[in-house]
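Have a look at the structure below before the remarks.
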Number of protein chains: 2
Amino acid sequence: MAAAWNMPLDFNPPKIAIVIDKKTFTRDLIEVSGSFAINVPCRAQADMVMNVGSSSGHELVGKDPDNKYAAFNLPTFDASKIKAPLVEGCVAWLECKVIPEPHIQNTYDLFLAEVVAAWADERVFSDGRWHFEGHDELRTLHHVAGGAFMTIGETFQASRLK
Amino acid sequence: MAAAWNMPLDFNPPKIAIVIDKKTFTRDLIEVSGSFAINVPCRAQADMVMNVGSSSGHELVGKDPDNKYAAFNLPTFDASKIKAPLVEGCVAWLECKVIPEPHIQNTYDLFLAEVVAAWADERVFSDGRWHFEGHDELRTLHHVAGGAFMTIGETFQASRLK
């Protein structure tokens, strides 16, 4: 699924928060497995993101193909610590295990998770920093609303005033 | 304070989630008042954001000036539904009332809040959409780590494949 609402929650151990609506098929998969992957998509994948975000895996149950990876021809590779596959062509991948917090899951569709492994495309991330210059098609993608997206822009260092 | 980790949580009523560390003075203010403002800063304010994010209001208690607005010469204007002042020069402002969830506040420093009023600079936001073209200094600011920031970049519409 496309999941635009997510953020860091802690550094050590690394944790994230993400909103997963009750009506999504992904929600069922996460609740059964206790794990999920965040695949960070890039500019080149915008139409793919719109597609997986505009249809539900519920509609594919019992069909052939029975999953969105096959239905949208998404190549994947294996994760290291969870069972969910990772999507090729993304620029970063976070393997996550749910921290059970049933009250906020049920009330707000909000899931907290520990990041148990993480990967990034070295063309745009190395030595702990992002460097998208010269790779506009790999810039991260940020959904605003209704199919309108923004890519991440200029990188710069701020200075602390004396 | 500078608070980089925040995200939408719901549309109707509008809610947000935000991480506010226990050691911040802002945390005390939020817990006493039950409300806070999110001031969305822009490229032109990067050094100001570094400053307010690199010092604590705790250090100013009992001093003159006794608050960061005065210490950093930040002009403000009144909010409509909360007492916290809003910072001039930002591009959007969210007036928020905390939804009490003591367990996740204490365990994860995670606060949920309802947005009770919201405003944006019409030069870059109108008719429900952002349009930063021609206003690079007003592009929203996104902290990565260690004073490294990115601004928001290109806007575009994705298409759903048939």
Taking beta carbons within 10 Å but only from partner chains, what does the mean come to for residues A:14-20? 3
What stretch of chain B, leaving out the sites themselves, is the longest with no chymotrypsin sites (Phe, Trp or Tyr not before Pro) in a DSSP loop having at most 15 other Cβ atoms within 10 Å? B:73-162
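Does the range B:107-162 classify as rounded, prolate or oblate by the C-alpha gyration tensor (a ≥ b ≥ c root eigenvalues; a/c under 1.5 gives rounded; else a/b over b/c gives prolate, otherwise oblate)? Can you show the working numbers first?
Values: a/c = 1.41, a/b = 1.31, b/c = 1.08.
It is rounded, given that a/c, with a ≥ b ≥ c, falls under 1.5.
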Pick from B:70, B:120, B:145 the residue whose mean-square fluctuation is largest in a GNM of chain B, springs joining Cα atoms under 10 Å. B:145
For residue B:97, go through the lysines and keep the ones whose alpha-carbon is under 29 Å away, minus same-chain ones fewer than eight residues off. A:15, A:22, A:23, B:15, B:22, B:23, B:63, B:68, B:81, B:83
Springs between alpha-carbon atoms under 10 Å, Gaussian network over chain A: tell me which of A:123, A:27, A:139 tops the mean-square fluctuations. A:123
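If you filter the range B:48-82 for trypsin sites (Lys or Arg not before Pro), then keep DSSP loop positions with at most 14 other Cβ within 10 Å, what is left? Show your work: numbers first, answer last.
On the way: sites: B:63, B:68, B:81; in loops: B:63, B:81.
Answer by residue number: B:63, B:81.
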Just check the range B:59-108 against the gyration tensor rule for me: Cα atoms, a ≥ b ≥ c as the square roots of the eigenvalues, rounded for a/c under 1.5, and otherwise prolate or oblate depending on whether a/b exceeds b/c. oblate
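At 222 nm, what value in deg cm²/dmol follows for the protein assembly as shown if DSSP H runs of at least 4 each add -39500 (n - 2.57) and the sum is divided by all its residues, to the nearest 500? It would help to have the intermediate numbers written out before the result.
Details: 8 runs with 56 residues, N = 324.
Per the formula, -4500 deg cm²/dmol.
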What would the Debye formula give as log10 I(q)/I(0) at q = 0.23 Å⁻¹ for the alpha-carbon point model of the range A:73-141, no solvent? -1.03
Label points 7 Å out from Cα along the Cβ direction at residue B:22 and residue B:114: separation in nm? 2.9
Report the charge-dipole magnitude of the protein assembly as shown in Debye, nearest 20, computed about the Cα centre from +1 at each Lys and Arg Cβ and -1 at each Asp and Glu Cβ. 240
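Show me the GluC sites (Glu not before Pro) within the range A:85-138 that DSSP assigns to loop and that have at most 15 other Cβ atoms within 10 Å of their Cβ. Write out the running numbers ahead of the final one.
On the way: sites: A:88, A:95, A:114, A:122, A:133, A:137; in loops: A:88, A:122, A:133.
Taking the range A:85-138 and a limit of 15 other Cβ atoms within 10 Å, the loop GluC sites (Glu not before Pro) found are A:88, A:122, A:133.
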Rounded, prolate or oblate for the protein assembly as shown? Axes are the square roots of the Cα gyration tensor eigenvalues, ordered a ≥ b ≥ c, and the cut-off for rounded is a/c under 1.5. prolate
Residue-normalised accessible area of chain A, expressed per residue, 1.4 Å probe, Å²: 53
Occluded residues from the range B:43-57, i.e. those whose accessible area drops by 30 Å² or more once the chain is not alone (1.4 Å probe): B:43, B:47, B:50, B:51, B:54
When the convex hull of the C-alpha atoms of the range B:27-162 is computed, what volume per residue in Å³ does it have? 176
Would you compute, for the Cα atoms of the range A:1-82, the largest minus smallest coordinate along each principal axis and list the three values in descending order, in whole Å? 42, 31, 25
Hey, for residue B:85 with labels 7 Å out along Cα-Cβ, what do the inter-copy distances come to in nm, ordered shortest first? 5.6
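Report, to the nearest whole %, how much of the accessible area of the range A:119-162 belongs to carbon and sulfur atoms, 1.4 Å probe, protein only.
Details: 1440 of 2750 Å².
Looking at the range A:119-162 in its full context, I get 52 percent from C and S.
If R₀ is 45 angstrom, what is the calculated FRET efficiency for the pair residue A:122 and residue B:106, using the beta carbon separation as r and rounding to 0.05? Each step should come with its number before you reach the end.
Working: r = 39 Å, r/R0 = 0.86.
Computed FRET efficiency for residue A:122 and residue B:106 comes out at 0.70.
The values are calculated or read from the model by the stated rules, or taken from the named source; none is laboratory data. Worth saying up front: this structure is predicted, and the values here are computed from it rather than measured. Cβ: placed from backbone, ideal geometry, glycine included. Neighbour counts: every protein chain shown. Side chains are part of the model used for accessible areas, which takes the heavy atoms of the whole protein and leaves out ligands, DNA and RNA. Shrake-Rupley method; radii C 1.70, N 1.55, O 1.52, S 1.80 Å.
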